[in-house]
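In what follows, a structure is listed as structure tokens, so that the remarks can point back to it.
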Amino acid sequence: MKKTWIPLIALILFSLFTAYSMLNAQESLLDFGARLMSSLDTAQVVIDLYILCALACVWMYRDNRAKGHTVTAVLPYFLLTAVFASIGPLLYLVLNTSLSRNHR
């Protein structure tokens, strides 16, 4: 559990904040994304975020493959990463670190 407490806390807090934000949003997620991409300064931040998300997906894929699992095992994490950014990698860290420790 020692290795997973930081990503677990981050996952819980960020997931709660994301849920709260989405429940109180004045526009849809797609409208919000389109608005962010319409301005050069916020588009730069969004593009930067998704480059990091892509790098996280590459890391999850390689880590998963090194453990001998198929690519289908990481597809849910890829989807979460595409929609909610850091929730996918955080969940991957929490579940895969705790699972690998239980099998040792």
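How many residues does the stretch 47-65 hold that are over 14 Å from the mean Cα position of the chain (by Cα) and either of a type in the set (V, I, T) or under 12 Å from F78 (Cβ atoms) (or both)?
2
Residue-by-condition table, conditions (1) among the hydrophobic types (A, V, I, L, M, F, W, C); (2) touching a helix residue (DSSP H, G or I) at 6+ places or on another chain (Cβ under 6 Å):
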| position | (1), (2) |
| --- | --- |
| P7 | no, yes |
| L23 | yes, no |
| S38 | no, no |
| G88 | no, yes |
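Checking the conditions here, which among L80, L55, L16 is modelled with pLDDT of 95 or more, loosely packed, with under 11 Cβ neighbours inside 10 Å and at negative phi?
L16
Please determine whether any residue of the stretch 28-37 is without any contact (Cβ under 8 Å) to a residue 24 or more places away in the chain, under 19 Å from L93 (Cβ atoms) and either β-branched (V, I, T) or surrounded by 12 or more Cβ atoms within 10 Å (Cβ to Cβ) (or both).
No - not one qualifying residue is present in the stretch 28-37.
Given the residues F84, F78, which is the only one that is among the hydrophobic types (A, V, I, L, M, F, W, C) and free of Cβ contacts under 8 Å to residues at least 24 places away in the same chain?
F78
The values are calculated or read from the model by the stated rules, or taken from the named source; none is laboratory data. These numbers were taken from a predicted model, which means no experiment stands behind them. We place every Cβ from the backbone using ideal geometry, glycine too, and count neighbours over all the protein chains shown.
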